[in-house]
Amino acid sequence: MPAPMTNLLLFLEAPALLVQVLLDGILIGAIYALAAYGMALVWGVMNIVNVVQGELVILGGYLAIMFSGLGVSAFLTVPLAAAALFALGWVMYAGVVFRVTGKDMFVSLLATFGLSILIAQLINQIWGADVRSLDAELGSWLILDSVVTISRARVAALAAALVLGAALVVFLRTSRLGRAIRATAQNARAARALGVDTDWVYAATYAINGAICGAAGALIAMIWVIHPFAGLVFTIRAFAIVILAGLGNLALVIAAALGLGAAENFVGFVLGAQFQGAFVFSLLVAILVWRSRRLARSRKVLR
Amino acid sequence: MSALLEVRGASKRFGGVVANEKISISVRAGEIVGLIGPNGSGKTTLFNSIAGTHQIDGGAIAFDGAEISRLRTVDIARLGLIRTYQTTRVFKQMTCVANLLAAAPAFGGGTPALLARPERAERARADEFLFFVGLADKRGMVAGELSFGQQKLLEFAMALMRRPRLLLLDEPTAGINPTLINALMDRMRRANAELGVTLLVIEHNMAVIMNLARRIYCLAHGELLAEGTPEDIRADPRVLDAYLGAR
Amino acid sequence: MSARRWALHGALALLTAAAPFLLPALAVQLAMLWIMVTLALTWDTLGGQMGYNSFGNILFFGIGMYASAIVQVGLFHDVAAYTDPAGSGSLTFTPREYYLGLAAGLLAAPIAATLAALAFGALILGLRGPYFAIATLGLGIAGGEFAAAWGYVGGASGFLMPVFPGEFGRRALFFYALAASLGIATFAALRWLYGRRFGLALNAIRDDEDKAEALGLPTVRVKIAAWAVSAFFLGLAGAIFGNLNGLIEPREVAFSGATFGVWMVLMAILGGKGTMWGPVVGAVVFHVTKELFWTYLLGWQRVALGVLIVVIVLFFPLGILGHARRRWPETFRARVEGAA
């Protein structure tokens, strides 16, 4: 019998295993939601599809591992990685991204593609190609007659992701900068006419996205593994979530992300982890096709 | 004679905003019809509905007797219904003559046509239309380097190159040098009379549209306000009110 | 064509034919140069002429490589037994089998790659730029993952190609001839296509896809066809490179997103995207620079690639040829389309 079938039958014999697999996936999905929300933010405000998104996440993970190596406690690495990538985001905006905002998307795609290669290879050069992770040393809970284990780090990561997401929404709703960001997203020219320094707003948006990615990366390193070239799949995940959930709706983003996490983990378990990337890609294509078919019925195109 | 274009009760809403409310117009083959109305009255929305840019929320649109309100833009264009854009859209990195060749009707002819070079007659026609709109000397120039008015003329020539049966022109004289407006009006009339192109024209310049069109529809606040000959329209107090915002 | 043009083309042809004899030690490098020219040219079909970024064209390179490998071996042996690390050493090929297999492989590769492009294109080319770009990002990875997990073709340990039967010096010449023919054929075919209505349609889609649709251009069909054409030549390039390299490794050779996959983008924009000669110039400049200076970068080569792409996109967007054309419009002027 082929391995996928045996794995499926395992679920029948031990339904708790299914719970385990889905739960693990959902807990990881929360972090996808963060990366996707950041991508939606940059896309919505700056009209840039940030191809380098996944590499920023991975970089956040490596920085967290580095900080931890310096003796910082695991959960403090999250704000530290976020702060470091906030700064890097600002630098990237000032050095590169500001030159492509407002230009044709063809150009910003190429430029952020270049950045993604740059960062992935830089990580590879500095930290090596090995798979790494960060042990938060929190242990696990056992539930369902001790069959299902829940890693406390994963639950903490989920909580952290939710808190971060909520904080972000509150920030965008209430703060001055948040309002400026939303105004720029709606109509940059009008915002400029009303005295909003859109260039500053763009820089802040890109930096905030960096911080989100940094935090997400630190959390990922804690509950999963990272390697220099894992970023690409994160970009694709974030993109798939965004086109499924739209640019503005955090609740939908979270739902889509948790769903993706669960589906991915399920498929990874049944077919083998090496197919997880291919699955994410296939899912993206399926979502794209589904969305465009639906839009085509009302004569619209995805753009 | 039956209508070439028949819009019956077309409605279009964007969110809560009603852009077109049950608009009915009809254009007979060979006519030049005007479409006027103050800014925001829904003229371009109506064009977009007809040309298939978006889905209408209610009503029907028939071209040459066949329903087109669910067709894709490409298929509507293939039927011979071509539109120009208020913002002017040409292929900016291509030369003027290439812009015209890219608008040739031969592109509807399947793969063999795609793999053929533009025919001699097609090139000749491209040159004729460049001459027709006064851009013959800009033939090899990249379209993006033309002035706005020249791009507008180029877009008009491209539309004619496509051999349309019905041409929707969105503010053809906007941005055109005033000394050239009479020449452009003459070209529109000639396109109508000599090439047999039926015209539906959105125009803000009253002098132009009163002079050009035989019949005029006036929109206001997304609704059809009045229709009739230029004289009727000019004499209609509601039209004046709409423009002066006295409603 | 003017006399000057003829002279230029003649000189290039002569140089092409003489190069491996003049520099026999570099014959393999020169063959690689032609592969690179093909990669840059095929990327430019979408990236330059049509205005669609594809970050996953490497998929077709890899598919072509594996398709030809399977056919070359499968015609004469059981592929699974051949790739089985336990007993592969005993399976060999007579010269006749080798050449026959290679010919069949070179036939199968472009067919497989083209079919893949048609299938994926039909799925995702109805979409606009960014959706297509991100979707293609996944293509190369997915290809590599499938190949690495597919035991039939050797999985992650790769696929050892049949050994060239002739003497060693002849091998380089043979593959140089193949690669040069491919490069020239690709150039000629693309130039032919760009000179047809097809080329006008590509450029129209690049400049304003909505407008092209409003004029009745068959945009979706043109987009899919363009991708299929570039996949055709990429598949051939993959087949030739697989044989030249000898070992097909799924992630580093066949679906090598980090090397060939990035290089093709870089070479096209470096030379000048959307021009006929730009990708050729970009490939030559990049390949020569790479061969001369790569070792001095001490492992930072791939980092430098990312920097280069960013710098070119930001500061040198027209590329070498586009820049030259702006600087010296008379010498490098664009061929006026439709000029009699």
Q: Find the accessible area per residue for chain B; the probe is 1.4 Å, ligands and nucleic acids are left out, and the unit is Å².
A: 42 Å²
**Q.** Under 5 Å, built H, 5+ apart or other chain: amide partners of residue B:57
**A.** B:11, B:12, B:13
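What average count of beta carbons from other chains do you get within 10 Å of the Cβ of residues in C:219-232? Before the final figure, lay out the partial values.
Numbers: counts 3, 2, 4, 3, 0, 0, 3, 0, 0, 0, 0, 0, 0, 0.
Across C:219-232, the average partner-chain Cβ count within 10 Å equals 1.
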Q. Just how far, in whole angstrom, is region A:70-149 from region C:10-84 if you go by their alpha carbon centroids?
A. 35 Å
Q) Given a Förster radius of 60 Å and the C-beta distance between residue A:152 and residue C:294 as r, what FRET efficiency does 1/(1 + (r/R0)^6) yield to the nearest 0.05? A) 0.80
Q) Nearest 10 degrees, 0 to 90: what angle lies between the long axis of helix B:148-161 and the longest principal axis of chain B (Cα atoms)? A) 80 degrees
**Q.** Cα pair distances in region A:259-303, grouped into 10 Å bins until the bin that holds the longest one, percent each
**A.** 28, 37, 23, 12
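How many Cβ atoms of partner chains, on average, are near each residue of A:115-124 if near means within 10 Å of its Cβ? Display every interim value, and only then the final one.
Working: counts 5, 4, 16, 9, 2, 4, 11, 5, 1, 4.
Per residue, the average neighbour count from other chains is 6.
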Q. Between region B:37-72 and region A:189-258, how many Å separate their Cα centres?
A. 38 Å
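Give the dimensionless ratio obtained when the Cα radius of gyration of region A:1-69 is divided by 2.2 N^0.38 Å.
Numbers: Rg = 18.2 Å, N = 69, 2.2 N^0.38 = 11.0 Å.
Expressed relative to 2.2 N^0.38 Å, the Cα Rg reads 1.65.
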Q | ³J(HN,Hα) computed for each position of region C:78-83 - Karplus, 6.51 cos²θ - 1.76 cosθ + 1.60, integer Hz, glycine/proline x | A | 7, 4, 4, 5, 5, 7
Q: Per residue of region B:59-73, in order, report the coupling 6.51 cos²θ - 1.76 cosθ + 1.60 (Karplus, θ = phi - 60°) as ³J(HN,Hα) in whole Hz, putting x for Gly and Pro.
A: x, 9, 10, 10, 10, 6, x, 9, 5, 10, 6, 10, 6, 7, 3
Q. Applying 1/(1 + (r/R0)^6) with R0 = 35 Å to the Cβ-Cβ distance of residue A:103 and residue B:231, what FRET efficiency is obtained, to the nearest 0.05?
A. 0.10
Q | Computed FRET value (nearest 0.05) for residue B:22 with residue A:247, which takes r as the C-beta separation and R₀ as 30 Å | A | 0.35
Q | Cut-off under 5 Å, modelled amide H: who pairs with residue B:4 long-range | A | B:27, B:28, B:29
Q) By its C-alpha gyration tensor, with a ≥ b ≥ c as the square roots of the eigenvalues, how is region B:1-68 shaped: rounded for a/c under 1.5, else prolate for a/b larger than b/c, else oblate? A) oblate
Q: Take region C:179-283, compute every pairwise Cα distance, and split them into 10 Å bins from 0; I just need the percent in each bin.
A: 13, 38, 33, 13, 2, 0
(Q) With every protein chain left in place and a probe of 1.4 Å, what is the accessible surface of residue A:199, to the nearest 10 Å²? (A) 80 Å²
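Sorted from largest to smallest, which semi-axis lengths in Å does the alpha carbon gyration tensor of chain C give for its equivalent ellipsoid, taking the root of 5 times each eigenvalue?
Numbers: eigenvalues 215, 117, 75 Å².
The answer is 33, 24, 19 Å, longest axis first.
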Q) Based on DSSP, what percent of beta bridges with both residues in the protein assembly as shown are antiparallel, to the nearest 5? A) 65 percent
Q: Would you kindly compute the Cα radius of gyration of region B:3-244 and its largest Cα-Cα separation (Dmax), both in Å?
A: 17.9, 57
Q: Go ahead and estimate [θ] at 222 nm for chain B from helices alone: -39,500 (n - 2.57) per DSSP H run with n ≥ 4, summed, over the residue count, rounded to 500.
A: -10500 deg cm²/dmol
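Where Rh denotes the Kirkwood radius from the mean inverse Cα pair distance, what is Rg over Rh for region B:1-134?
1.02
Would you mind getting the Kirkwood hydrodynamic radius of region A:1-139 from its Cα pairs, rounded to one decimal in Å? Before the final figure, lay out the partial values.
On the way: mean 1/r = 0.0565 Å⁻¹.
For region A:1-139, the Kirkwood estimate is 17.7 Å.
Over region A:3-272, with every protein chain in place, what whole percent of the accessible area is carbon and sulfur at 1.4 Å, could you tell me? Intermediate results must be reported in sequence, preceding the final value.
Details: 7020 of 10650 Å².
Its accessible area is 66 percent carbon and sulfur atoms.
For chains A and C, what's the summed buried accessible area, probe 1.4 Å, to the nearest 100 square angstrom?
Working: alone 14630 and 16770 Å², together 27640 Å².
Counting both chains, the buried surface is close to 3800 Å².
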(Q) Using only DSSP helix segments of four residues or longer, with each worth -39500 (n - 2.57), what per-residue ellipticity at 222 nm results for chain C after dividing by its residue count and rounding to 500? (A) -23000 deg cm²/dmol
Q. Using the Karplus equation 6.51 cos²θ - 1.76 cosθ + 1.60 (θ = phi - 60°), what ³J(HN,Hα) coupling, rounded to whole Hz, does each residue of region A:92-100 give in order, writing x for Gly and Pro?
A. 4, 5, 5, x, 10, 5, 4, 6, 10
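Restricting to DSSP H runs of at least four residues, report the calculated mean residue ellipticity at 222 nm for chain A, -39500 (n - 2.57) per run over all residues, nearest 500 deg cm²/dmol.
Details: 12 runs with 227 residues, N = 303.
Per the formula, -25500 deg cm²/dmol.
Just in region C:289-327: which chymotrypsin sites (Phe, Trp or Tyr not before Pro) are loop by DSSP and have at most 14 other Cβ atoms within 10 Å? Don't skip to the end; give the middle numbers.
Working: sites: C:293, C:294, C:296, C:300, C:315; in loops: C:300.
Passing both the DSSP loop test and the Cβ count: C:300.
Could you sort B:46-52, C:9-15, C:40-46, C:175-181 so that the peptide with the highest average Cβ count within 10 Å comes first and the rest follow in order? List each step's numbers first, then the result.
Numbers: B:46-52: 23.6, C:9-15: 10.6, C:40-46: 28.9, C:175-181: 20.6.
Answer by packing, highest mean first, reads C:40-46, B:46-52, C:175-181, C:9-15.
For C:122-129, what's the mean count of beta carbons from other chains sitting within 10 Å of each residue's beta carbon? Spell out each step's value before the answer.
Details: counts 1, 5, 5, 0, 8, 9, 5, 6.
Partner Cβ neighbours, averaged per residue: 5.
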Q.
Lysine pairs in region B:3-244 with Cα distance under 15 Å, only those 8 or more apart or on different chains: how many are there?
A. 6
Q | Accessible area buried, both sides summed, chains C and B with 1.4 Å probe, Å² | A | 3000 Å²
Q: Would you kindly work out the equivalent ellipsoid of the protein assembly as shown from its C-alpha gyration tensor and give its semi-axes, the square roots of five times the eigenvalues, largest first in whole Å?
A: 50, 38, 25
Q. Given the convex hull of the Cα atoms of region C:1-48, what is a quarter of its surface area in nm²?
A. 4.3 nm²
Q) Non-local amide H neighbours of residue C:247 (under 5 Å, H modeled in plane, Pro and chain starts lacking H): which ones? A) C:161
Q) What is the P(r) of chain A, as percent of Cα-Cα pairs per 10 Å bin from 0? A) 6, 27, 35, 22, 8, 2, 0
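The values are calculated or read from the model by the stated rules, or taken from the named source; none is laboratory data. Since this is a predicted model, take the numbers as computed values, not measurements. We place every Cβ from the backbone using ideal geometry, glycine too, and count neighbours over all the protein chains shown. The area values use the complete protein model at the heavy-atom level, side chains included, leaving out ligands, DNA and RNA. Shrake-Rupley method; radii C 1.70, N 1.55, O 1.52, S 1.80 Å.
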